[in-house]
1. Along the principal axes of its C-alpha atoms, what lengths does the chain span, in descending order and rounded to whole Å?
2. In which sequence would Ser261, Ser33 go, from the one with the fewest C-beta neighbours within 10 Å to the one with the most?
3. Using only Cα atoms, find the angle between the long axis of helix 167-180 and the longest principal axis of the chain, and express it within 0 to 90 degrees, rounded to the nearest 10.
4. Could you pull out the pairs from Lys76/Lys257; Lys243/Lys309; Lys102/Lys347; Lys139/Lys347; Lys27/Lys100 whose alpha carbons sit more than 26 Å apart here?
5. Over the chain, with a Gaussian network built from C-alpha contacts below 10 Å, which listed residue (Arg323, Arg266, Arg146) shows the highest mean-square fluctuation?
6. Roughly what % of DSSP beta bridges within the chain run antiparallel, to the nearest 5?
7. So what's the angle, to the nearest 10 degrees on a 0 to 90 scale, between helix 324-340 and the longest Cα principal axis of the chain?
8. Per DSSP H run of at least 4 residues, take -39500 (n - 2.57); add these up for the chain, divide by its residues and hand me the 222 nm value, nearest 500 deg cm²/dmol.
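Values quoted throughout were computed directly from the atomic coordinates according to the rules given, and no laboratory measurement underlies them. Values in this document were obtained by computation on a predicted structure and should not be read as measured data. For neighbour counting, all protein chains shown are included, and Cβ atoms are generated from backbone atoms with ideal geometry for every residue, glycine included.
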Amino acid sequence: MEILRHRPVPASAVFFGITRRCPLHCKHCSTSSMLDSEEYPEEMFRRFATTFTTGNRPEFVLMSGGEALLRPRLVKDVADISRAVGARSHILSGLYFAAKDKNYATTGRIPRSLRPAIDAVDHFSASLDFFHEEEVPRKAVFRVLRELLEEGKHVSLQLTGTGPDDPYLEGLTAEVRREFDDRVPMLVAPVSPHGRADAWLLKQVQLPRTTVDPAPCSVSAWPVIGFNGQVTACGNQDVMDGKVPLPPHLYLGHINKDDWSVIRERSLNNPMVRAIRATGPEYLAERYGSGKPGCAAGGYCETCWVLSKDEAVPRAVRAAADRESVRLVEKRTEELLVEAGPLTFAKQYGITRYAELVTLGDTSARSLV
Ligand code: SF4
């Protein structure tokens, strides 16, 4: 809930793509991760974390992969460095160490080699869904969560399914609530058509379509560090994978040469990123586009990818960027999104029917529902 509460606030968090490697083979993996996938030097990520300061740091440092726990030393270091300046850390894991073929099944304990990393982060989140269960049994996931809960760790689950009527989700969410007596929050989202899932999901699911009304993109609020150190304004997997050429307006820098203060400044002040955050890409294309054939694209993110190709759009956005009225609209949009609260984000980007499950385990928040 705390993390989602900050979702619309620019640069209040940063994502670290710790590694693309993962020993699991989930059919829906959005990053198409494998054990021999790409991995870049640990030092690059560590150095960037050391550029956070008490006066200029993100509120949250979010680590994922691939499987971030394949690099436990790096996870611990980034968490420790972040805590030293007042930032809190979060990790998302697929719990590969609890997979069917691992000795976790017999020992029933989290491997000692991973303990320092897990102990160092402030919040531990596990992925669980139909495809994960083919690799890591549900019972093993529950055992890991219980072990951590009993130690007083903050834990949550990130679940995916095909939609509100998915019977698998209905059964799983009910079982989690029963098993943990509502102490484990769940963020439930639809399977995204990226990575290995794009081979089959696009054929089944119709992607949401927005209108040309302003539709702010909160996802562009937090910088995302890719596996190779490149920093973009959003983590759209097609862009990260290079399936779509990186739109120049989403590029924020590279952690090999840019410090947090530089990345933050670009995230806050890049005119195109600001405009996308405030109104969404389709509104910008409609309002400022030249209307030339080839400049229009179907879909919300698809429109974003080609926005800079129509020179009229960045030109008009740059011209408007310093107007007081534009700054006011951006500020008010951010305020309204923050006021709308975390549930709005969970509904918008997750499955509405299950949005309130993010409030579990947080009694002060539940009274707000
Ligand atoms: S609209 Fe652009 S910035 Fe927002 S999620 Fe889509 S690609 Fe990313």
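1. Extents along the principal axes, in whole Å: 64, 45, 44.
2. Details: Ser261 14, Ser33 25.
With the sparsest Cβ surroundings first, the list reads Ser261, Ser33.
3. 60 degrees
4. Pairs exceeding 26 Å: Lys102/Lys347; Lys139/Lys347.
5. Arg323
6. Details: 5 of 33 bridges.
Approximately 15 percent, going by the DSSP bridge assignments.
7. Roughly 20 degrees, rounded to the nearest 10.
8. Values: 18 runs with 146 residues, N = 369.
Computed ellipticity for the chain at 222 nm equals -10500 deg cm²/dmol.
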